[in-house]
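Novice: Got a structure here, written out as structure tokens. Questions coming.
The values are calculated or read from the model by the stated rules, or taken from the named source; none is laboratory data. What you see is a predicted model, and the numbers here were worked out from it, not measured in a lab. Note that we place each Cβ from the backbone using ideal geometry, even for glycine, and neighbour counts take in every protein chain shown. Side chains included, ligands, DNA and RNA excluded: accessible areas come from the protein's heavy atoms. Shrake-Rupley method; radii C 1.70, N 1.55, O 1.52, S 1.80 Å.
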Amino acid sequence: MAVLDRSHDPALTSWVASARGHADFPIQNLPLGVFSPPAGPPRGGVAIGDDIVDLAAASKAGLFKGEALRAAQAAAGPMLNPLMALGAAPRQALRLRLVELLEQGSPARADVEPLLHPAADCVLHLPAHIGDYTDFYAGLHHATNVGRLFRPDAPLPPNYKHVPIGYHGRASSVRASGEPVRRPNGQRKLADEAVPSFGPARNLDYELELGLWIGGGNAPGEPIPIGEAGGHVFGLCLLNDWSARDVQAWEYQPLGPFLAKSFATTVSPWIVTAEALAPFRVAQAPRPDGDPAPLPYLLDPQDQSQGAVDVALEVRLTPVGGLAQRLAAGHATDLYWTPAQLIAHHASGGCNLNPGDLLGTGTISGVTPGSCGSLLELTRGGRDPITLAGGGTRRFLEDGDEVSLRGVCRRDGFISIGFGECRATILPAPAGAA
Ligand code: CA
């Protein structure tokens with residue numbers, strides 16, 4: 001359940017000057033991640049404005065005690081999995097103590113200031129060891145738009161409104177924002193080709209998604225009840241599920257995506273915690289008349305009344321040699337299933353989730369072309385190229401193109417918080433594969 005406390009007070013400001021009015025990381029956010037300072041190994045940190053608080057150093061300096069100290073010590077290493085395994089209470093205590101340390105007028109300022117690193121001097125890493133990565137398909141309009149390309153009369157599969165559709169993705173190739181993505185080689189066959197061939201993917205695409213980081217897991221064989229599932233969310237990030245559409249179209253039947261998606265997934269490195277998101281929880285959009293009610297194992301009144309998250313999302317493209325432009329703006333409220341429903345469904349058969357597991361929501365699109373979360377939808381499978389602001393067109397991504405996702409939570413009476421960058425540039429496919 002989303003609890004509001006003084007850490008969400010819009011009047012709260014920080015002595016860290018860059019945090020005041022910061023688009024992503026004001027004191028009301030305090031996202032967790034893993035960073036390396038210019039000289040030193042990776043360690044856990046908290047973003048505040050343009051700076052990062054070193055949690056291990058702050059622990060050693062005696063700035064935490066009790067549950068907050070437990071949390072900070074669990075975040076001292078190169079992965080946040082130990083902190084994720086602690087569950088919500090230590091994370092909440094850490095957040096409240098960080099507010100005391102970083103707020104305007106804090107008596108601890110002189111002790112904390114030397115422990116800050118300018119983020120621009122640091123390297124950001126994946127925040128956790130990802131044991132398993134699962135990608136869902138919960139974006140109703142994305143599923144409809146894509147389905148319509150292939151099945152105009154019945155765009156949604158018959159199971160769509162009953163079961164949160166997903167597939168097991170590849171954890172090894174998830175990487176943090178900024179790391180370039182190499183165009184994959186693969187076996188592909190376009191509809192007008194008689195035989196398949198092997199070579200660089202020709203229809204390379206992005207997918208605008210949110211990522212859910214799992215905190216406490218469950219034991220094998222013990223499902224997570226829907227009423228408790230929301231409590232297993234450690235926090236959220238932005239996620240780009242890079243997709244090679246020509247490879248995908250050829251390989252996916254009957255088992256679903258494989259190499260078309262396993263070559264790379266990019267996430268924003270800062271995890272916006274469940275606590276930071278509390279003011280931005282909203283009711284799940286009512287299902288249209290005629291839609292089935294979720295089965296009881298997916299239905300919880302409290303989850304329906306405040307289990308969705310309102311995140312405004314954006315995709316920007318900087319074409320190689322060209323000008324940055326916005327390709328789409330969407331909302332996470334267009335998801336057909338809540339985070340808790342995805343988690344409860346995932347564990348319903350007895351599959352155990354672990355701290356640091358990553359779940360993708362599926363591509364988030366709206367109903368208008370300006371809210372399409374993939375080029376597949378925006379160009380209708382490549383048939384209708386888009387015109388670029390600086391000249392030229394795109395059907396799918398070209399080498400040297402940069403795709404950047406942004407996410408911001410806004411609500412009247414609260415300070416907006418953002419997710420930071422989820423960005424990568426496309427490199428050419430390895431030579432000589434064909
Ligand atoms: Ca996807």
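Novice: Of the residues that sit in the stretch 45-67 and are without any contact (Cβ under 8 Å) to a residue 40 or more places away in the chain and closer than 21 Å to residue 268 by Cα, which one is surrounded by the fewest Cβ atoms within 10 Å (Cβ to Cβ)?
Specialist: Result: 49.
Novice: Would you tally the residues in the stretch 116-161 being in the same structural domain as residue 367 (by TED's automatic domain parsing) and in a helix (DSSP H, G or I)?
Specialist: 11
Novice: From the residues in the stretch 363-380 that are away from the ligand (no atom under 16 Å from the Cβ) and more than 20 Å from the chain's Cα centre (by Cα), which one is modelled with the lowest pLDDT?
Specialist: 369
Novice: If residue 113 passes every condition in (1) in the same structural domain as residue 288 (by TED's automatic domain parsing); (2) of a type in the set (D, E, K, R); (3) within 24 Å of residue 64 (Cα to Cα) but one, which one does it miss?
Specialist: For residue 113, the failing item is (1).
Novice: While we're here: Looking at residue 144, is it within 16 Å of the ligand (Cβ to nearest atom), within 26 Å of residue 239 (Cα to Cα) and in contact with a strand residue (DSSP E or B) (Cβ under 8 Å, 6 or more places away or on another chain)?
Specialist: The answer is no for residue 144.
Novice: Being among the aliphatic types (A, V, I, L, M) and either assigned to a strand (DSSP E or B) or under 30 Å from residue 228 (Cβ atoms) (or both), is that true of even one residue in the stretch 13-25?
Specialist: No, the stretch 13-25 contains no residue that is among the aliphatic types (A, V, I, L, M) and either assigned to a strand (DSSP E or B) or under 30 Å from residue 228 (Cβ atoms) (or both).
Novice: Checking residue 180 against (1) open to solvent by 50 Å² or more (accessible area, probe 1.4 Å); (2) at pLDDT 95 or above; (3) out of contact with any Asp or Glu (no Cβ under 7 Å at 6 or more places or on another chain); (4) within 16 Å of the ligand (Cβ to nearest atom), only one condition comes out false. Which one?
Specialist: Result: residue 180 fails condition (4) only.
Novice: A further question on this structure: Counting just the residues of the stretch 189-213 that are of a type in the set (Phe, Trp, Tyr) and assigned to a strand (DSSP E or B), which one comes out farthest from the chain's Cα centre (by Cα)?
Specialist: Looking at the filtered set, the residue picked out is 198.
Novice: Confirm whether residue 420 is open to solvent by less than 70 Å² (accessible area, probe 1.4 Å) and within 13 Å of the chain's Cα centre (by Cα).
Specialist: yes
Novice: Identify all residues within the stretch 31-44 that are open to solvent by 10 Å² or more (accessible area, probe 1.4 Å), within 23 Å of residue 87 (Cα to Cα) and assigned to a strand (DSSP E or B); write none if there are none.
Specialist: 43
Condition check ((1) part of a loop (DSSP other than H, G, I, E, B); (2) farther than 29 Å from residue 310 by Cβ; (3) open to solvent by less than 10 Å² (accessible area, probe 1.4 Å)) across all residues:
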| site | (1), (2), (3) |
| --- | --- |
| 384 | yes, yes, no |
| 400 | yes, yes, no |
| 404 | no, no, no |
| 415 | yes, no, no |
| 425 | no, yes, no |
| 429 | yes, yes, no |
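Novice: While we're on this one: Output the qualifying pairs, or none if there are none: Cβ atoms under 6 angstrom, residues six or more apart or on different chains, first residue in the stretch 127-146 and within 17 Å of residue 376 (Cα to Cα), second residue in a helix (DSSP H, G or I) and within 13 Å of the ligand (Cβ to nearest atom).
Specialist: Between residues of the stretch 127-146 that are within 17 Å of residue 376 (Cα to Cα) and residues that are in a helix (DSSP H, G or I) and within 13 Å of the ligand (Cβ to nearest atom), the close pairs are 137/143; 145/377.
Novice: Which of the residues belonging to the stretch 11-30 are over 21 Å from residue 107 (Cα atoms) and surrounded by fewer than 20 Cβ atoms within 10 Å (Cβ to Cβ)?
Specialist: 21, 23
Novice: Looking only at the stretch 346-362, count how many residues are more than 16 Å from the ligand (Cβ to nearest atom) and open to solvent by 20 Å² or more (accessible area, probe 1.4 Å).
Specialist: 6
Novice: Among the residues of the stretch 189-213, which ones are within 16 Å of the ligand (Cβ to nearest atom), over 23 Å from residue 311 (Cβ atoms) and hydrophobic (A, V, I, L, M, F, W, C)?
Specialist: Passing the criteria: 201, 204.
Novice: While we're looking at this one, here's another question. Would you point out which residue out of 186, 216 is part of a loop (DSSP other than H, G, I, E, B) and away from the ligand (no atom under 16 Å from the Cβ)?
Specialist: Just one listed residue meets the conditions, 216.
Novice: Kindly indicate whether any position in the stretch 5-19 is free of Cβ contacts under 8 Å to residues at least 24 places away in the same chain and closer than 26 Å to residue 409 by Cβ.
Specialist: yes
A quick yes/no check of all residues on (1) touching a strand residue (DSSP E or B) at 6+ places or on another chain (Cβ under 6 Å); (2) crowded, with 17+ Cβ neighbours inside 10 Å; (3) over 13 Å from residue 215 (Cα atoms):
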| residue | (1), (2), (3) |
| --- | --- |
| 70 | no, yes, yes |
| 84 | yes, yes, no |
| 99 | no, yes, yes |
| 102 | yes, yes, yes |
| 113 | no, no, yes |
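Novice: Could you tell me whether any residue of the stretch 121-132 is closer than 30 Å to residue 250 by Cα and either of a type in the set (A, V, I, L, M) or more than 16 Å from the ligand (Cβ to nearest atom) (or both)?
Specialist: Yes.
Novice: Inspect all residues belonging to the stretch 230-251 and state whether any of them is within 13 Å of the ligand (Cβ to nearest atom) and assigned to a helix (DSSP H, G or I).
Specialist: Yes, the conditions are met somewhere in the stretch 230-251.
Novice: I would also like to ask the following. Consider residue 337 against the criteria (1) under 20 Å from the mean Cα position of the chain (by Cα); (2) more than 16 Å from the ligand (Cβ to nearest atom); (3) hydrophobic (A, V, I, L, M, F, W, C): it satisfies all of them except one. Which criterion is unmet?
Specialist: Among (1) under 20 Å from the mean Cα position of the chain (by Cα); (2) more than 16 Å from the ligand (Cβ to nearest atom); (3) hydrophobic (A, V, I, L, M, F, W, C), residue 337 violates only (2).
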